[in-house]
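Reading through the structure tokens given below for one structure.
The values are calculated or read from the model by the stated rules, or taken from the named source; none is laboratory data. From a predicted model like this one, the values you see are computed outputs, not experimental measurements. Quick reminder, even Gly has a Cβ in these numbers, built from the backbone with ideal geometry, and neighbours come from all protein chains shown.
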């Protein structure tokens, strides 16, 4: 069994991943959020740009590239990127053909079950099966769903039959019990991507691997939170930037506390870093961290 850290836009950059891994070294690997390059600093959407990016990254030791067609963020989709491709199988075919013609790197892909409808999946699957993808990560929601509603397990089951190669499950792995249910339902799947679940509960990957909650340690959580706060300042970021990053993390972390929603509302208006860290550390010390929420 392998656990993969999901690419969470504006959160799981290299600074976050490095600090997280020091305290919770339980993911087998991570997929980075979108990587932007100097030419207009745009997220890659054309095959030739992907090819140039691949050569650049390979020189830095990144042998595998992941084509993310799963991001449902409107700021991405409205620019013709991310999940906007899911109802354009011909364009996906064109991009993949050019990539595999010109790139030596291993290539993986992250998708959803469709952009507007689950009915779009079969045409996309036929295209993906033409190429030697290292793996395919499927989040079984449509792009227009975003993260609302439930993951469509029937759609994922269809994918296990129709897609060739290794398939990675993504979507709503928030608790040990959920993972156990999915593992039993999809015995052919050996890799699992976790995003929002580990941001709410940083212990989750270890909980899943151990099959127990014995690893939960409030002191470690507090030390991780403080180092994450400090690392952004160490890189020279402004107070405004650091507070924005930390508040983004607390939108998820707050979910593991009974009073988390009310506390989140109290820190969002905070504009002073010292006040913020005092409020959050006091909350972490005093309140019960719960793995069942």
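Please specify each residue of segment 274-292 satisfying the condition of being in contact (Cβ under 8 Å) with a residue 40 or more places away in the chain and farther than 11 Å from residue 250 by Cβ. Residues satisfying the conditions are 277, 281, 285, 289, 291, 292. Residues considered: 254, 249. Of these, the only one that is within 25 Å of residue 143 (Cα to Cα), outside the structural domain of residue 107 (by the TED database) and part of a helix (DSSP H, G or I) is 249. So which residues in segment 105-146 are under 15 Å from residue 72 (Cα atoms), without any contact (Cβ under 8 Å) to a residue 60 or more places away in the chain and not in a strand (DSSP E or B)? Answer for segment 105-146, where residues must be under 15 Å from residue 72 (Cα atoms), without any contact (Cβ under 8 Å) to a residue 60 or more places away in the chain and not in a strand (DSSP E or B): 115, 116, 117, 118.
Residues are listed down the side, and each one gets a yes or a no for (1) more than 16 Å from the chain's Cα centre (by Cα); (2) under 21 Å from residue 183 (Cβ atoms); (3) crowded, with 18+ Cβ neighbours inside 10 Å:
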position: 120; (1), (2), (3): yes, no, yes
position: 124; (1), (2), (3): yes, no, yes
position: 144; (1), (2), (3): yes, no, no
position: 153; (1), (2), (3): yes, yes, no
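Looking for whichever is within 25 Å of residue 16 (Cβ to Cβ) and touching a helix residue (DSSP H, G or I) at 6+ places or on another chain (Cβ under 6 Å) here; the options are 147, 179, 131. Which one fits? None of the others qualify; the one that does is 179. One residue stands out in segment 72-91 among those that are in contact with a strand residue (DSSP E or B) (Cβ under 9 Å, 6 or more places away or on another chain) and in a helix (DSSP H, G or I): the one that is nearest to residue 58 (Cα to Cα), namely 82. Every residue in segment 60-91 that is modelled with pLDDT of 90 or more, in contact with a helix residue (DSSP H, G or I) (Cβ under 8 Å, 6 or more places away or on another chain) and closer than 16 Å to residue 134 by Cα, please. Of everything in segment 60-91, those that are modelled with pLDDT of 90 or more, in contact with a helix residue (DSSP H, G or I) (Cβ under 8 Å, 6 or more places away or on another chain) and closer than 16 Å to residue 134 by Cα turn out to be 67, 68, 69.
Within segment 208-215, is there a residue that is buried (at least 20 other Cβ atoms within 10 Å of the Cβ) and farther than 18 Å from residue 12 by Cα?
yes
In this structure, residue 140 does not qualify as within 21 Å of residue 187 (Cβ to Cβ), in the same structural domain as residue 54 (by the TED database) and over 19 Å from the mean Cα position of the chain (by Cα). Taken over segment 178-199, the criterion of being assigned to a helix (DSSP H, G or I) and buried (at least 20 other Cβ atoms within 10 Å of the Cβ) is satisfied by 179, 197, 198, 199.
Each residue in segment 94-104 was checked for being closer than 17 Å to residue 56 by Cβ and surrounded by fewer than 18 Cβ atoms within 10 Å (Cβ to Cβ), and 3 pass. Residues in segment 220-253 that are within 18 Å of the chain's Cα centre (by Cα) and more than 17 Å from residue 19 (Cβ to Cβ): 251 only.
Here residue 250 passes the criteria (1) in contact (Cβ under 8 Å) with a residue 24 or more places away in the chain; (2) out of contact with any helix residue (DSSP H, G or I) (no Cβ under 7 Å at 6 or more places or on another chain) except the one numbered (2). Only one of the numbered conditions (1) in a helix (DSSP H, G or I); (2) free of Cβ contacts under 8 Å to residues at least 12 places away in the same chain; (3) out of contact with any helix residue (DSSP H, G or I) (no Cβ under 8 Å at 6 or more places or on another chain) is violated by residue 236, and that is (1).
Taking residue 167, is it assigned by the TED database to the domain that holds residue 72 and within 13 Å of residue 1 (Cα to Cα)?
Answer is yes for this residue.
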